[in-house]
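Heads up: the structure comes next, in structure tokens.
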Amino acid sequence: MISRFPDLSKFRGVVSPRAHRFFSRLRHPPPPPAPAMSDLRPPEHQVAGHRASANKLGPLVDGSGLFYKPLQAGDRGEHEVAFYEAFSAHAAVPPRIRDTFFPRFHGTRLLPTEARPGEPHPHLVLDDLLAGLDAPSVADIKIGAITWPPGSPEPYVAKCLAKDRETTSVLLGFRISGIRVVGTGGAVWRTERPEVKALDTAGVRRMLRRYVSSVSGEGADCALAAAVYGGEGGVLSQLRELKAWFEEQTLFHFYSASILLGYGANAVSATGGVGGGVRVKLVDFAHVAEGDGVIDHNFLGGLCSLIKFISDIVSETPETPPLGPS
């Protein structure tokens with residue numbers, strides 16, 4: 001993995017057993033006060049990755065707008081911290097891009113975990129990107145036909161390539177990692193992991209349609225396609241703004257990063273999408289590499305492919321009235 005962000009060398013060789021020394025050497029602003037364990041819980045809206053449990057580390061939220069992501073083992077966690085520190089302070093990153101599409105970084109914190117009693121684990125402290133949305137509907141979409149950074153060990157490359165070929169990453173430049181849809185009446189529909197791993201092109205199109213459909217029934221009526229995907233402030237508008245930045249930025253290459261989509265059906269139905277809390281965010285930066293003055297064609301290609309899929313859904317779907325309870 002390429003590790004050439006400013007001051008990244010200070011993180012070398014530091015792993016969980018030496019977490020206290022690791023944190024004493026970080027140079028970001030002090031994080032918010034530590035939450036009580038009773039305040040922390042797995043995010044209800046999580047659709048991909050390991051869920052926190054008695055057996056596994058996983059992300060936590062505190063109900064006050066913060067998201068705690070456990071650092072991954074070895075270089076990955078250290079690398080992600082270094083990326084956030086470099087990105088947060090980089091003068092060449094437009095403030096609107098940083099503030100609109102990326103989680104705000106609040107430093108790092110050692111937290112007790114159910115999976116490892118008595119052994120605090122380092123966590124990134126980030127904004128909860130879906131805080132404030134009432135019962136958010138969420139889609140996690142991994143971007144890029146190549147999901148490993150340059151310099152990765154051959155066994156890791158082989159593992160990633162096998163997964164990329166089994167899914168739609170190589171074919172489409174992106175793959176769906178998970179979807180959760182909450183209807184206006186509170187009913188929930190969500191994908192299962194085997195289901196998303198087996199998706200083909202038609203299945204991806206079906207899932208993107210289902211994401212903006214009413215929950216009741218098995219069909220995809222795309223009742224909220226115009227409000228969520230289209231219009232001012234909709235997914236397409238935000239993805240195109242992000243695309244314009246990726247057409248110019250040569251600072252970073254985002255391998256295995258994901259786009260997180262979020263909306264609240266009640267708010268979108270009431271506003272028709274404008275000001276309805278439709279959110280587009282980038283997440284997961286453990287494999288970011290320096291751009292070295294070269295455009296990130298891997299991420300940009302996947303982003304353009306996703307835009308085309310969503311644009312086709314909007315053009316095929318007439319505007320519909322707001323949903324009733326589902």
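Output the peptides 244-251, 277-284, 56-63 sorted from most to least packed, where packing is the average of other Cβ atoms within 10 Å over each peptide's residues.
Numbers: 244-251: 14.5, 277-284: 20.5, 56-63: 18.5.
My ranking of the peptides, most packed first, is 277-284, 56-63, 244-251.
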**Message:** Sorting check: for 116-129, 87-100, which peptide has the highest mean count of neighbouring beta carbons within 10 Å, and how do the rest follow?
**Reply:** 116-129, 87-100
**Complete:** Placing each pseudo-label 7 Å from Cα in the direction of the beta carbon, Lys308 and Glu192 end up separated by a distance in nanometres of 3.2
**Message:** In whole percent, and with a 1.4 Å probe on the protein chains, what portion of the accessible area of the stretch 60-194 is carbon and sulfur?
**Reply:** 54
**Message:** Apply the Karplus curve 6.51 cos²θ - 1.76 cosθ + 1.60, θ = phi - 60°, to the phi angles in the stretch 103-114 and return the couplings in whole Hz, x for Gly and Pro.
**Reply:** x, 6, 9, 10, x, 9, 8, 7, 10, x, 9, 5
**Request:** For Ser177, list long-range residues whose amide hydrogen, built 1.01 Å from N in the peptide plane, is under 5 Å from its own amide hydrogen.
**Result:** Asp140, Ile141, Lys142
**Complete:** Descending packing, highest mean Cβ count within 10 Å first, for 286-296, 153-163, 255-265, 72-82 is 255-265, 72-82, 286-296, 153-163
**Message:** With θ taken as phi - 60° and the coefficients 6.51, -1.76 and 1.60, list the Karplus ³J(HN,Hα) couplings across the stretch 124-139 in order, rounded to whole Hz; mark glycine and proline as x.
**Reply:** 6, 10, 10, 5, 6, 5, 10, 4, x, 8, 7, 6, x, 8, 10, 10
**Prompt:** Per residue, what accessible area does the stretch 160-230 have, given a 1.4 Å probe and all protein chains present, in Å²?
**Reply:** 42
**Request:** Report ³J(HN,Hα) in whole Hz for each residue of the stretch 282-296, in order, from the Karplus equation J = 6.51 cos²θ - 1.76 cosθ + 1.60 where θ = phi - 60°; Gly and Pro get x.
**Result:** 9, 9, 6, 10, 6, 10, 6, 10, 5, x, 6, x, 10, 5, 7
**Prompt:** Taking the Cα centre of each part, how many Å lie between the stretch 187-204 and the stretch 56-128?
**Reply:** 28
**Message:** Taking 21 Å as the cut-off for C-alpha to C-alpha distance, list the pairs among Lys142/Lys197; Lys142/Lys281; Lys243/Lys281; Lys69/Lys308; Lys281/Lys308 that go past it.
**Reply:** Lys69/Lys308
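The values are calculated or read from the model by the stated rules, or taken from the named source; none is laboratory data. Everything quoted here is computed from the prediction, not taken from an experiment. All Cβ positions, even for glycine, are placed from backbone atoms using ideal geometry, and neighbour counts span all protein chains on display. Quick note on the areas: whole protein, heavy atoms, side chains included, nothing else; ligands and nucleic acids left out. Shrake-Rupley method; radii C 1.70, N 1.55, O 1.52, S 1.80 Å.
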